[in-house]
1. Looking at (1) in contact (Cβ under 8 Å) with a residue 12 or more places away in the chain; (2) away from ligand 1 (no atom under 16 Å from the Cβ), which is the only condition ALA210 fails?
2. Return the total of residues in the stretch 78-106 being on the phi < 0 side of the Ramachandran plot, touching a helix residue (DSSP H, G or I) at 6+ places or on another chain (Cβ under 9 Å) and not aliphatic (A, V, I, L, M).
3. Could you name every one of the helices (runs of 4 or more DSSP H) located completely within the stretch 219-327 that has at least 3 residues being surrounded by 12 or more Cβ atoms within 10 Å (Cβ to Cβ) and modelled with pLDDT under 95?
4. Restricting attention to the stretch 148-164, and to residues there that are in contact with a strand residue (DSSP E or B) (Cβ under 8 Å, 6 or more places away or on another chain) and more than 10 Å from ligand 1 (Cβ to nearest atom), which single residue is farthest from GLY185 (Cα to Cα)?
5. Residue by residue through the stretch 137-164, note down the ones that are within 16 Å of ligand 2 (Cβ to nearest atom), touching a Leu at 6+ places or on another chain (Cβ under 9 Å) and assigned to a helix (DSSP H, G or I).
6. Find the residue count for the stretch 58-73, including only residues that are assigned to a helix (DSSP H, G or I) and buried (at least 18 other Cβ atoms within 10 Å of the Cβ).
7. Can LEU13 be described as within 17 Å of the chain's Cα centre (by Cα), within 19 Å of GLY180 (Cα to Cα) and of a type outside the set (Lys, Arg)?
8. Considering each residue of the stretch 35-57, count those that are more than 16 Å from PRO206 (Cβ to Cβ) and part of a helix (DSSP H, G or I), and give that number.
Amino acid sequence: MDDETFIFGSFRLIPAQRVLLDDGKPLRLGSRALDILITLVEHAGETISREQLIAHTWPDTVVEEGALRVHVAALRKALGDGGRAGRRYVANNPGRGYAFVAPVTREHVPSAAAAPTGVAEVGNLPAPFTRIVGRDNVIVALAAQLARRRFLTIVGPGGIGKTTVAVAVADRVRASYKDGAWFVGLAPLSDPELVPSALVTALGIPPSGANPVQGLTGWLRDKHILIVLDNSEHVIDAAAALAEAVLKAAPHAGILATSREPLRAEGEWLHRLAPLELPPEAKASRRWWRFVVGSMACLWRSNSRRRASIHLASVGWPHGSMTGLGF
Ligand SMILES: Nc1ncnc2c1ncn2[C@@H]1O[C@H](COP(=O)(O)OP(=O)(O)O)[C@@H](O)[C@H]1O
Ligand SMILES: [Mg+2]
């Protein structure tokens, strides 16, 4: 069977497989943003009203225009719309709707050849930090643990590298979760009651009325999915309750949390992240020094002595030796 493929810029969109490739590599895009893209590209050049787009994207739910705006913004960001090289893909025609404005070529390719990896990478994981120093062993070990334990919390003080390690671990294992790896940043939440809704929003599933946890667990029941709950300490009890509910309802789900404190939840396995301890020869390496000096310059510019101090602690710099760096 052939799959219709739409080609624009460096992208190939294969709606039947729900795959978007950029230069042949699968691009991470939330499922609603992908629905919006498919609708727009299938009608390239036409303005699609907001009501039509909402009806295509959320066929069973009533959602507000704000939700559409959020997902269109995510789509534009993923495509680099209006960014480098001034490429334009999705235009907003005020009062009328959205239109896909880039030239599109259609192609029919055999299904087997369409997705080079065979499996679309699903999820919304941030791109892992490319130059992670001194954490290879812990990343490999935690990836192996996660497959066995299902619920892992990386614990440590702010700035020690918990999020960096969690994203790298999730990136390493995500191919083994067919429904993807999903990152939920809990830092902006001040109200613990919003924790389940944050997961609903990240997953792009329709909100389910009064009891979001019930809707979530129902939806997750048969999913092979990894959920990263980042910065759980602000809303620790709610994050713990959600993790327990998800793991109970969804036998193939995994939870990777980061927190300054343990969640103290059932089934939780803790990893206390140690400060980086580098051998003297590694400390002298150019890469390490570039990391320290580059990061210090960045933090110096942001004029934050506290963050700089935390950051230096994370790379094993002795406390109280800030003066030598001009602080
Ligand atoms: N192993 C590492 N290699 C390079 N940079 C790192 C490493 N660990 C942390 N960082 C950098 O230090 C800062 C703080 O790390 P982060 O993972 O956000 O810490 P936490 O989540 O514990 O607060 C970030 O800018 C991150 O990119
Ligand atoms: Mg963090």
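1. It fails just one condition, (1).
2. Total meeting the criteria: 8.
3. On the way: elements: 236-249, 280-283, 286-301, 305-314.
The qualifying helices (runs of 4 or more DSSP H) are 286-301, 305-314.
4. So the residue we want is ARG149.
5. Within the stretch 137-164, VAL138, LEU142, LYS162 meet the criteria.
6. Within the stretch 58-73, the first condition is being assigned to a helix (DSSP H, G or I), and the residues that meet it are 65-73.
The next check asks that each one be buried (at least 18 other Cβ atoms within 10 Å of the Cβ); those that pass are 67-68, 71-72.
Adding up the residues that qualify gives 4.
7. Criteria not met by LEU13.
8. Adding up the residues that qualify gives 9.
The values are calculated or read from the model by the stated rules, or taken from the named source; none is laboratory data. As the structure is a prediction and not an experimental result, all values here were calculated from the model. Here the Cβ is made from the backbone with ideal geometry for all residues, glycine too, and neighbour counts use every protein chain on show.
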